[in-house]
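Below is one structure, written out as C-alpha cells; comments come after it.
The values are calculated or read from the model by the stated rules, or taken from the named source; none is laboratory data. Computed from a prediction, not measured in an experiment: that's the story for all the values here. No Cβ is skipped: glycine too gets one built from the backbone with ideal geometry, and neighbour counts run over all protein chains shown. For the accessible areas, the whole protein counts, side chains as well, though only heavy atoms, and no ligand, DNA or RNA atoms are used. Shrake-Rupley method; radii C 1.70, N 1.55, O 1.52, S 1.80 Å.
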Amino acid sequence: MSYAVDFKDVSTVGLESSPHAEALAGLRANEARYFKTKYDHVFTVEPAEEAEAIVAWVHGILAQERDLVIDSRPLEATDFEVDGTRFAYVFYESGLSINVMYGPEKRAVGFKLADGMEVPAELESRFKFARQRSKLAGTIRGSYFVIKGEY
C-alpha cells in the first residue's frame, strides 16, 4: 500500500523496524518537502516488497557503476518523473537513503545517512560524506557519484 509522505506531521509509518526510525522518517519528510516545494510533487512511497522493480533498478546501477551491494534490507521505495528527469528512492532499515536522479542532462546516485547512524561498511572507504542541517532530519550526511552508463 502506498503512502503519501507528510512533511508537516512526520510519521515513522513503514520505517518502524529501523533502529533510526525517527531520523529516517525525518529524512524521508525532508525529501517530500523538497519535491513539494520545488516541483509541486507529492512524494509517495510504497513497501519495498511491492516495489521490487524500483529496488532492482537502483541496485543494478550500484552494481554496474561501482560494484556495490548494500547490506541493509530495503524498507520503502518510490520512483517518479518530474520535468523530464526520473527520480528513484530506496529507504533502508539501517537508516540509509539512496536516490537516483536520471535525466537527459544530469545523472547521479546520492547517499544520505539518517542522523545518528554509522557510515555503512560498504560505503565507508569509497565515499566522503558532507554534513548539512535540516529542521526535519537533524544532521544529514550525504555523498554522491555521477552515473556514466545507460540504464
Original post:
Quick one: is ALA108 small (Gly, Ala, Ser) and more than 13 Å from the chain's Cα centre (by Cα)?
Top reply: no
**OP:** Please verify whether the range 34-51 includes one or more residues that are among the hydrophobic types (A, V, I, L, M, F, W, C), closer than 18 Å to GLY110 by Cα and assigned to a loop (DSSP other than H, G, I, E, B).
**Re:** yes
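For (1) out of contact with any helix residue (DSSP H, G or I) (no Cβ under 8 Å at 6 or more places or on another chain); (2) open to solvent by 60 Å² or more (accessible area, probe 1.4 Å), each residue gets a yes or a no:
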position	(1), (2)
GLU50	yes, yes
VAL58	yes, no
ASP83	no, yes
ALA114	no, no
**OP:** Could you tell me which of the residues LEU75, LEU62 is open to solvent by less than 50 Å² (accessible area, probe 1.4 Å), touching a Phe, Trp or Tyr at 6+ places or on another chain (Cβ under 7 Å) and of a type outside the set (Asp, Glu)?
**Re:** LEU75
Original post:
Taking the range 90-109, which residues are open to solvent by less than 10 Å² (accessible area, probe 1.4 Å) and either among the charged types (D, E, K, R) or part of a strand (DSSP E or B) (or both)?
Top reply: VAL90, PHE91, TYR92, LEU96, SER97, ILE98, VAL100, VAL109
**OP:** Hey, can you tell me all the residues within the range 67-89 that are out of contact with any strand residue (DSSP E or B) (no Cβ under 7 Å at 6 or more places or on another chain), of a type in the set (Val, Ile, Thr) and part of a strand (DSSP E or B)?
**Re:** VAL82
Original post:
How many residues does the range 131-147 hold that are surrounded by 15 or more Cβ atoms within 10 Å (Cβ to Cβ), of a type outside the set (Ser, Thr, Tyr) and assigned to a strand (DSSP E or B)?
Top reply: 5
